[in-house]
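To keep things clear, I will list the structure first and then write my remarks on it.
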Amino acid sequence: MRLSVVLATYNEVAAIGSMVQQLLGQLEAEGCSPLEVIVVDDDSPDGTADVVRQLSRHDPRVHLLLRCDRSGLSSAIRDGLLSASGELAVVMDADGQHDPAVIRSAVELLEHQGLDLVIGSRFHPDARLEGLSPQRQKGSQQANHLARCSLPAYGHLSDLMSGFMVLRLSTTRAAIRQVNLSGFKFLYELLSVSKGKFKVQEIPLNFRARKTGRSKLDSPVVWDWLISLLHTVTGRILPRRAISFGLVGAAGIVVHTTTFLVLRIVGWSFLYSQIVAVLLAASSNYLINNVLTFRLRRLQGWALLIGLIKFLLVCSLGLIANVGVSTVIYNNIRDQTLGIVAVLAGIIVDFMWKYAASSRFVWNVPY
Ligand SMILES: Nc1nc2c(ncn2[C@@H]2O[C@H](COP(=O)(O)OP(=O)(O)OP(=O)(O)O)[C@@H](O)[C@H]2O)c(=O)[nH]1
Ligand SMILES: [Mg+2]
C-alpha cells in the first residue's frame, strides 16, 4: 500500500534535515519507501521551512506545507493528513524522538489485521522511554487514565496521547476532518470524534531523547488537553472555547471573593471593596483568557490594553443584561421562593453574552 509520512514542525531547524533523511533511508532499506513526506510547518521563525524547501529540490518525495499563522500541532497534523495521497499515513514527531524503525511493523500490523489505526505506545510493556522524564511519565500516565475513562470504547489502549500513529486514510478521513483543535493531543481528539468505531491496536514505541531544539509542550498545551477531556465527557455539545472561557470565569469568582474579603478586612468600605474586586476579577479573567482560551489570537502591546477596555465594556453590558433578565423573570414567577431560578437565568445570559461578544469584538474570532 502506498504510504505518506506527515511531520509537523515548529522551530525544528536543527533536526528536520537529518530526520527526513534518516526516515527515508530507513524505509528504503526496509523496502517500503514512502510516496511522500509532507512537512507541515507553522512559519517557524528559525528557518525550518527553508531546510525543507532545500530537501524538496533534491527529492521530489519531500513536500512543504507552510501555514502562515501558528495554528498548532493538531491542526497541522490534520491538514497534512488531508493533503496526503497515500492509502496509509504515518504521523510522527519531527524532532527525532520517534524511532522510524517501528514504522514497518506498525504498517504490517495495520494491513494484516485490517485495522484503521495503529498507535506507537509509550506505555506498552515493551516500549523504551529514554526521552521521557519520570515526572512526565507520571503525568502522561495519569492523563491516559483519564482519557480511558472518558472513552470507554478505547479502554484497552495504553497510550491515547501518543504522537506516533499509522492510519488507514479511507476509513479515518471523515473523522480527521472533524478534528478542530490547536493543541497537542490530535490522537485523543481523533478517537473522541470516531465514537468508538475505529479498529485500533498498539505497538511498542522507542521514545528517544530530544537532541536539538526546545520542547513546545507548555501549560497552555496541558490546559488545551483538559478542555478536550471536558469537551468529550460533556458529549461535545459546547464549543471548546466556551468551556475554557467558563472555567476561567469560575476562577474569576475566587479572585473576586478573595479580593473583596481582604479589602474588607483591611477596613475598606463595602462599595470600594466591591468595585476593586470586580475590576480585578474581570482584568485577571481577560489576561488568562488571552493566554489560554484565545492563545492563537493573543493580544500584545497596545492591543492588549485596548482589548482590556473592550472586555470591561463587554462585561459591564453583560452585568446589565444579567440584572435585567433576572429581574424580569423574578417579577413574573408566581412562586417567589424560586428566585434562584431567576438568578441562574441572569448568569447564563451574562455568560453567553460575554463569551459571544468578547470572542467577536475583543479577540475577533467567530464563537
Ligand atoms: N506545525 C506545528 N508543529 C508543532 C507545533 N508545536 C509543536 N509542533 C511539532 O510537534 C512535534 C512535537 O512537539 P514537541 O515540542 O517535540 O513535544 P514533545 O515531544 O511532547 O516534547 P519534548 O519531549 O520535550 O520534545 C514536534 O515535531 C514539533 O516541532 C505547532 O504549533 N505547529
Ligand atoms: Mg518532542
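The values are calculated or read from the model by the stated rules, or taken from the named source; none is laboratory data. Computed from a prediction, not measured in an experiment: that's the story for all the values here. Cβ atoms come from the backbone with ideal geometry, glycine included; neighbour counts cover every protein chain shown. The area values use the complete protein model at the heavy-atom level, side chains included, leaving out ligands, DNA and RNA. Shrake-Rupley method; radii C 1.70, N 1.55, O 1.52, S 1.80 Å.
Which pairs do you get when a residue that is farther than 14 Å from Val323 by Cβ, found in segment 335-356, comes within reach of a residue that is open to solvent by 70 Å² or more (accessible area, probe 1.4 Å), reach meaning Cβ atoms under 7 angstrom, with the pair 6+ apart or on two chains?
Tyr355/Tyr367; Ala356/Tyr367
For Ser75, indicate whether it is in contact with a His (Cβ under 7 Å, 6 or more places away or on another chain), open to solvent by less than 50 Å² (accessible area, probe 1.4 Å) and away from ligand 2 (no atom under 16 Å from the Cβ).
Details: in contact with a His (Cβ under 7 Å, 6 or more places away or on another chain): no; open to solvent by less than 50 Å² (accessible area, probe 1.4 Å): yes; away from ligand 2 (no atom under 16 Å from the Cβ): yes.
When the stated conditions are applied, Ser75 does not pass them.
Can you find a residue in segment 258-281 that is within 16 Å of ligand 2 (Cβ to nearest atom), farther than 30 Å from His156 by Cα and of a type in the set (D, E, K, R)?
No - not one qualifying residue is present in segment 258-281.
Would segment 184-198 turn up any residue that is touching an Asp or Glu at 6+ places or on another chain (Cβ under 6 Å), within 15 Å of ligand 1 (Cβ to nearest atom), open to solvent by less than 20 Å² (accessible area, probe 1.4 Å) and within 28 Å of Val13 (Cα to Cα)?
Within segment 184-198, none of the residues are touching an Asp or Glu at 6+ places or on another chain (Cβ under 6 Å), within 15 Å of ligand 1 (Cβ to nearest atom), open to solvent by less than 20 Å² (accessible area, probe 1.4 Å) and within 28 Å of Val13 (Cα to Cα).
In segment 159-204, which residues are in a strand (DSSP E or B) and within 16 Å of ligand 2 (Cβ to nearest atom)?
Listed by number, the list holds a single entry, Met165.
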